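For reference, the structure is listed below as structure tokens.
The values are calculated or read from the model by the stated rules, or taken from the named source; none is laboratory data. Computed from a predicted model, the values in this text were never measured in an experiment. Cβ placement follows ideal geometry from the backbone for every residue including glycine, while neighbour counts extend to all protein chains displayed.
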């Protein structure tokens, strides 16, 4: 094989691998296990939360990550920021949640969370979650998204 052909084949393979990793930027089995052990107890098995007490993550988390401040909000809520999950595990769970429970609300331009991003922004945990959430919900509503309840 000619050197140019080898180089072209290698470049195509690299593009295919990069494309495949973007398509599923999480380890589903590990994410599900971490969800069960660290999140499900409050947010419930299907992510619907507990009305009036624990926010639903199903079909609403994707709306939040469409906003830069909302993307950080998701990793800075106390349950995420203070969880026993390390940065890579938290990124994995968030990416899994956004892929499996938020297909309809996740923006098409969504970039998967990385361990480096989580490490840079997860702390300090938010202290006024309700006020920050309300601000984000209002911004979403101003952008025409009414699928996120103001109160939970």
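Okay, residues lined up against (1) under 19 Å from residue 60 (Cα atoms); (2) outside any helix (DSSP H, G or I); (3) touching a strand residue (DSSP E or B) at 6+ places or on another chain (Cβ under 9 Å):
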site	(1), (2), (3)
85	no, yes, no
91	yes, no, no
107	yes, yes, no
111	yes, yes, no
120	no, no, no
**Prompt:** Yes or no: residue 47 more than 12 Å from the chain's Cα centre (by Cα), part of a helix (DSSP H, G or I) and modelled with pLDDT of 90 or more?
**Reply:** no
Quick count over segment 62-73, residues being crowded, with 22+ Cβ neighbours inside 10 Å, in a helix (DSSP H, G or I) and within 10 Å of the chain's Cα centre (by Cα), is 2
Counting only residues that are within 18 Å of residue 134 (Cα to Cα) and not in a helix (DSSP H, G or I), segment 74-83 contains a total of 1
Looking across segment 22-42 at residues that are part of a helix (DSSP H, G or I) and in contact with a helix residue (DSSP H, G or I) (Cβ under 8 Å, 6 or more places away or on another chain), the single one that is nearest to residue 93 (Cα to Cα) is 31
Picking from 126, 85, the residue that is surrounded by 14 or more Cβ atoms within 10 Å (Cβ to Cβ), more than 13 Å from the chain's Cα centre (by Cα), without any contact (Cβ under 8 Å) to a residue 60 or more places away in the chain and within 19 Å of residue 29 (Cα to Cα) would be 85
